[in-house]
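The values are calculated or read from the model by the stated rules, or taken from the named source; none is laboratory data. Everything numeric here is computed off the predicted structure, so don't read it as measured data. Here the Cβ positions follow ideal geometry from the backbone for every residue, glycine too, while neighbour counts run over all protein chains shown. Heads up: the accessible areas ignore ligands, DNA and RNA and are worked out on the full protein's heavy atoms, side chains in. Shrake-Rupley method; radii C 1.70, N 1.55, O 1.52, S 1.80 Å.
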Amino acid sequence: MPKPSGFTYERHGDASVTIAHHGRPVTTLRGGRAEKFLAEAGSGDAQLVMARWTGAYKHGNERTARDHPRNRSRGRA
């Protein structure tokens, strides 16, 4: 699985943080959540942190779950 890329974040004067992916705003964090995000982004891989906080983080089990018998559509064998 490739590493996350294309994420940026911008701090605003009202103590909020906007996270964008390839220039498009994805989420805005305010208050304690913004502070927690900034601390985490500063101490680790910022791209991975932003991917997790925006929900764009792949766990690698999507293909396995899709192929499980209970998740197969009736048309697939």
Task: Subset of region 9-27 [loosely packed, with under 15 Cβ neighbours inside 10 Å and either of a type in the set (Lys, Arg) or outside any loop (DSSP other than H, G, I, E, B) (or both)] - done: 10, 11, 24, 25
Task: One residue from 8, 18, 54 being touching a helix residue (DSSP H, G or I) at 6+ places or on another chain (Cβ under 9 Å) and free of Cβ contacts under 8 Å to residues at least 60 places away in the same chain - done: 8
Task: Flag for residue 27 being at pLDDT below 90 and under 17 Å from the mean Cα position of the chain (by Cα) - done: no
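A quick yes/no check of all residues on (1) open to solvent by 80 Å² or more (accessible area, probe 1.4 Å); (2) at pLDDT 85 or above:
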{"position": "47", "(1), (2)": "no, yes"}
{"position": "55", "(1), (2)": "no, no"}
{"position": "63", "(1), (2)": "yes, no"}
{"position": "70", "(1), (2)": "yes, no"}
{"position": "76", "(1), (2)": "yes, no"}
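Looking at this structure, is residue 41 at pLDDT 90 or above and among the aliphatic types (A, V, I, L, M)?
Yes, satisfied.
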TODO: Any residue in region 32-43 that's not β-branched (Val, Ile, Thr): show its pairings with residues that are not in a helix (DSSP H, G or I) at Cβ separation under 7 Å, as long as the two are six or more apart or on different chains.
DONE: 34/15; 34/16; 34/17; 37/17; 37/29; 38/17; 41/9
